[in-house]
Every structure is written in C-alpha cells, then in structure tokens.
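Below is one structure, written out as structure tokens; comments come after it.
Rule-based calculations on the coordinates, nothing more; no lab input. Keep in mind the model is a prediction, meaning the values are calculated, not measured. When we count neighbours, we look across all protein chains shown, and the Cβ atoms used for this are built from the backbone with ideal geometry, even at glycine.
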Amino acid sequence: MRLAGGQVSRQAPPPPPPPPLWHHRFVTSTDLERLVRTAYEAHRGAHSGSLPPWEDATEQEQLAWRAAVSAVTGQGDVTLADGIRTQSLAVQAGDQTRVFHTDFTAGRHGTLAVSDEHASIHHALFQFARGIWYVEDLRSTNGTWLNGRRIYAPQRLKKGDKIRIGRTVMTVLSA
C-alpha cells in the first residue's frame, strides 16, 4: 500500500486461522487417555500461550481433565477423589461365569475362550463405551448372534441378552 509522499506501508500478514475445536464426534478412540490429551491440547490451542503442554501440567490439572472428559464421554464414574471406574460385564456360558472390567475378545483364542469348533479364533469384541457395554462381530465365519438375530454392527448389551458364538450361547448377567 502506498502512503502520501510515495512511502510504502508494510502490513503484517493476517494471523493463521485457529485450529478446529475438539469435538467428541471427531475422536473415534475410546481410549480415555487419548481423549483427555486431545481435549486438553484443543483447549490449550484456543488459549495460546497461557497453558503449558500436557506433559508440564500439574498432576492435579491432569486428574481434573481426566474427570471432566470421563464425565462427558460416560467412561465411568470419575471424580477427583476416586479416579477411574468402569462398569463390569458379567456373562455366563454353561456353568462358567466370568466378570470383565475392560474390553475383551471372545473366540477360540479370545480373552473369553470359547471351546467350539464353530467359533472363530477372535470371534467377537466386547467394548465398554460411554457407560454402555457393546458386542461386535469381528468378521467371523459363522457370525455373532444376539437374541436370535445375526449382528452386523456393534450392539448394546443388557441384562438377560443371549449371545451366540459358534454353537455356544452365553447370557449377560449384568451390564
């Protein structure tokens, strides 16, 4: 731009646009620690220069962020005082009852071992997300069945549900 008298004015380039804000729909992982870091860094990016990187945040600040993100995502009942808890899933197959507190697989080589030649090695995935347990077929040969219907997408589990893997039927005792 030319000013009166032929002088040239130099304008600073406009600042870059702010990074997109974090939104839970953009984060597919149920890994709470990843969600916490993502949320914190997005918040930090919106407040440039005023917050330290995650690694330099105090332990109390990190715990507060974990509690906040956990409350938003339904990842259990978290408070600053008692840390992270998740709801357990109890299933019964035959005369055996198992209780799980974290995600697991079921199949011939799964965490929940199914001794059934009609079950795949890793047949189904059981996941806890947003306070709810889900079951998902892992592209097994014979499919995963919930209450008599073959499933093709993750399905919510509730007490009394019957899950069939191969010829083995298990009952959800609590979810």
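Given a Förster distance of 35 angstrom, what is the FRET efficiency for Lys162 paired with Ala68, based on the Cβ-Cβ distance and rounded to 0.05? Don't skip to the answer; put the middle values down first.
Working: r = 37 Å, r/R0 = 1.07.
My answer for the efficiency is 0.40.
One decimal place: the segment Ile132-Asp95 gains 10.8 nm when fully extended, by the rule 0.36 nm per residue minus the C-alpha distance. Peptides 55-61, 141-147, ordered by how many other C-beta atoms sit within 10 Å of their residues on average, highest first, read 141-147, 55-61. Peptides 133-139, 39-45 ordered by packing proxy, namely the average of other Cβ atoms within 10 Å per residue, highest first: 133-139, 39-45.
Peptides 96-108, 116-128 ranked from most to least packed give 116-128, 96-108, packing being the mean of other C-beta atoms within 10 angstrom over each peptide's residues.
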